[in-house]
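Have a look at the structure below, then the notes.
The values are calculated or read from the model by the stated rules, or taken from the named source; none is laboratory data. All values reported here derive from a predicted model rather than from experimental measurement. Heads up, the Cβs are rebuilt from the backbone with ideal geometry, glycines too, and the neighbour counts pull from every protein chain shown. The protein model used for the area step is the full one, side chains on, heavy atoms only, and it has no ligands, DNA or RNA in it. Shrake-Rupley method; radii C 1.70, N 1.55, O 1.52, S 1.80 Å.
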Amino acid sequence: MKDISEILPGRVLTDPEELFCYSFDASPVEGLPSAVVKPLNAGEVSKAVAFAFEHNIPLIPRGAGTGMTGGSIPVRNSVVLSLEGMNRIIDIDEKNLVVVLEPGVINSSLQDKLESRGLFYPPDPASMDFCTLGGNVAENAGGPRALKYGVTRDYVMGLEVVLPDGRSLTTGVKTHKGVVGYDLTRLIVGSEGTLAVITKIFLKVLPLPDEIVTLLCIFSNLDSAAEAVTRITASRIIPRTLEFMDHEAINAVENYKPAGLPLDAEALLLIEVDGAAASVNSDAEKIASICTSMGANVRVADDDYSRKRLWDARRAASPALYRISPSKINEDIVVPRSRIPEMIRLLRDIGDKYKIKIVNFGHAGDGNIHVNIMTDKNNPEEYKRAKDSVRDVFDATLRLGGTISGEHGVGLTKSEYLDMELSSDGIGLMKSIKKVFDPKGIMNPGKIFLPGRSAD
């Protein structure tokens, strides 16, 4: 049999030191691949995938490895297909507001390029400075601006993909309307690399907003902050962002990356409104009034530098938490916005029940709370309590009408909880779809479905 290293000479890694760099992501799971293939174009992807199909080799598509649920973790005897080298922005069509790019383009690189032309791509995950657009599409990434502008799938007009047998397929349209046949584009978006390998992305973009006002609302009471979120959204104002951090998150961030956050605050809301200057100022005043009535101290970011410092601090929340504990279990639940105060209280109760610290921050405006269960993996008894608490967190979330994953996907770490939210009929239909795309089960196996529930 031809060795896989002969498929793309010079761009197949097999040394243990090199393989290690592709054995982990931002989840606590690890797995060493047998090889890493680094194609530079769609033709090379097709060639590598066809080889894997012929020889029944499990393939793991990978962007930058920033996922939180183990979606790009290799399984035994698998080959990682690293798309980091496919990083060209092919076209920016300013007349039709459409961008064509390869999957390895870094999110913030696209943001910067567009903003210099007065354009705007809203999805902005916390890892935007190093995550790839291909990974964003595979996970259907969101971010703070999802409250007003939606998530990745709302901007993907079409895709070029390589199917598990090596054939290429283009889905979707390059127009802003199109309803011919089933929507394969939206099926592939968020499928976590289990159906096909993305080689080209067609994105819708928007004009850059004229004005942005950023408010930092500081609360001495956690319940008041949670209640302010529901009052703001009930006031018929849709902010660009409405972010939440509790006391522990504030202190961890300020000690990790100082931005002038008050260490004595019990919670804060980081809120932005954008649009035409007149409406932005009016909305900002209304929001400030609501938060002040709830006991908040409201500050306005006076310039771009001040705004950037606040957002750098917010985006540092996840890594900053390692100052509290050496390990954490990160979940990204979503509840209806009106249930946020109740969810926060339930999370407190769960922390007390299991005698563990739970730190919360996230996109409160759309109900997406990043629940961080702080623990130490080297303390087996404590780590078991932390793991046991996850099911309680998900149970509380579902009882309030929520979902167990808002933007991090299922991957490996949430697969055991899939049937808490989905019916057996729903899971069976998903497995049938997987089987149609991937009859040999080689495409990112073990993700989403537990072993034994897979489409193999």
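Ordered from largest to smallest accessible area (heavy atoms of protein chains, 1.4 Å probe), the residues 240, 348 come out as 348, 240.
Heavy-atom accessible area for residue 115, with the other protein chains in place and a 1.4 Å probe, reaches approximately 90 Å². Compactness check for region 158-243: Cα Rg over 2.2 N^0.38 Å is 1.71.
Under 1.5 on a/c is rounded, so check that first for region 309-369, then, if it is not, pick prolate when a/b is larger than b/c and oblate when it is not; a ≥ b ≥ c are the square roots of the alpha carbon gyration tensor eigenvalues.
oblate
The reciprocal of the average 1/r between distinct C-alpha atoms defines the Kirkwood hydrodynamic radius, which for region 1-146 equals 16.2 Å. Here's the picture: charge each Lys and Arg Cβ at +1 and each Asp and Glu Cβ at -1 in region 351-403, and of 362, 351, 397 the one pushed furthest to the positive end of that dipole is 351. For residue 257, a cut-off of 17 angstrom between C-alpha atoms picks up these lysines, skipping any fewer than 8 places away in its own chain: 308. In terms of overall dimensions, region 187-333 has a Cα radius of gyration and Dmax of 17.7, 51 angstrom. Ellipsoid fit via the Cα gyration tensor, region 133-203: semi-axes of 20, 15, 9 Å, each the root of five times an eigenvalue, largest first. Cα centroid separation, region 52-105 to region 224-260: 33 Å.
Using +1 at the C-beta of Lys and Arg and -1 at the C-beta of Asp and Glu, which of 295, 429, 205 has the Cα lying farthest in the positive direction of the dipole of the chain? My answer, from the dipole projection, is 429.
Couplings 3J(HN,Hα) of region 289-303, computed from phi: 5, 4, 5, 4, 5, 9, x, 7, 9, 9, 10, 10, 6, 7, 8 Hz, in residue order, whole Hz [Karplus 6.51 cos²θ - 1.76 cosθ + 1.60, θ = phi - 60°; x for Gly and Pro]. Among the protein heavy atoms, those of residue 408 account for about 30 Å² of accessible surface (1.4 Å probe, every chain in place). Shape class for region 285-442, computed from the alpha carbon gyration tensor (a ≥ b ≥ c): prolate, with a/c not under 1.5 and a/b above b/c. The value obtained for region 25-69, namely the Cα convex hull volume divided by the number of residues, is 84 Å³ per residue. If you take the Cα centroid of region 332-408 and the Cα centroid of region 112-164, the two points sit 26 Å apart.
The H on the amide N of residue 448, modeled in the peptide plane, is under 5 Å from the matching H of 411, 412, each at least 5 residues off or on a different chain. The fraction of all Cα pairs in the chain landing in successive 20 Å bins from 0 to the largest distance is 25, 56, 19, 0, given as whole percents. Normalised by 2.2 N^0.38 Å, where N is the number of residues, the C-alpha radius of gyration of region 196-276 stands at 1.44. Atom-type composition of the exposed protein surface of region 168-233 places 54 percent of the accessible area on carbon and sulfur (1.4 angstrom probe). The label-point distance for residue 322 and residue 398, in a model that sets each label 7 Å from Cα toward Cβ, rounds to 3.2 nm. Charges were assigned to the Cβ only: +1 to each Lys and Arg, -1 to each Asp and Glu. The resulting dipole of the chain about its Cα centre is roughly 700 debye.
Given a cut-off of 20 Å, name the pairs among 414/434; 113/204; 355/377; 200/431; 353/384; 47/200 whose C-alpha atoms lie farther apart than that in the structure shown.
Violating the 20 Å Cα-Cα cut-off are 200/431.
Once Rh for region 398-456 is found with the Kirkwood sum over Cα pairs, what is the Stokes-Einstein diffusion coefficient at 37 °C and 0.692 mPa s, in µm²/s?
Approximately 271 µm²/s, per Stokes-Einstein.
Structural descriptor for the chain: relative contact order 15 percent, calculated from alpha carbon pairs under 8 angstrom and at least 6 residues apart. Computed with every protein chain present, the accessible area of residue 339 is close to 80 Å² [probe 1.4 Å]. Surface listing: 438, 425, 376 arranged by accessible area from highest to lowest gives 425, 376, 438, probe 1.4 Å. With a 1.4 Å probe rolled over the protein heavy atoms of all chains, the accessible area of 352, 388, 302, 332 falls in the order 302, 352, 388, 332, largest first. Show that you can apply the helix-only estimate: for the chain, add -39,500 (n - 2.57) for every DSSP H stretch of four or more residues, divide by all residues, and state [θ] at 222 nm to the nearest 500. After summing the helix terms and dividing by residue count, I get -10000 deg cm²/dmol. Any idea what log10 I(q)/I(0) is at q = 0.13, 0.14 Å⁻¹ for region 259-369, Debye with uniform C-alpha scatterers and no solvent? Taken in order of the listed q values, log10 I(q)/I(0) reads -0.63, -0.74. For the chain, the Cys residues with no second cysteine's beta carbon closer than 4.7 Å are 21, 131.
Remark: relative contact order (region 337-456) = 18 percent; criterion is Cα-Cα distance under 8 angstrom and separation of 6 or more residues.
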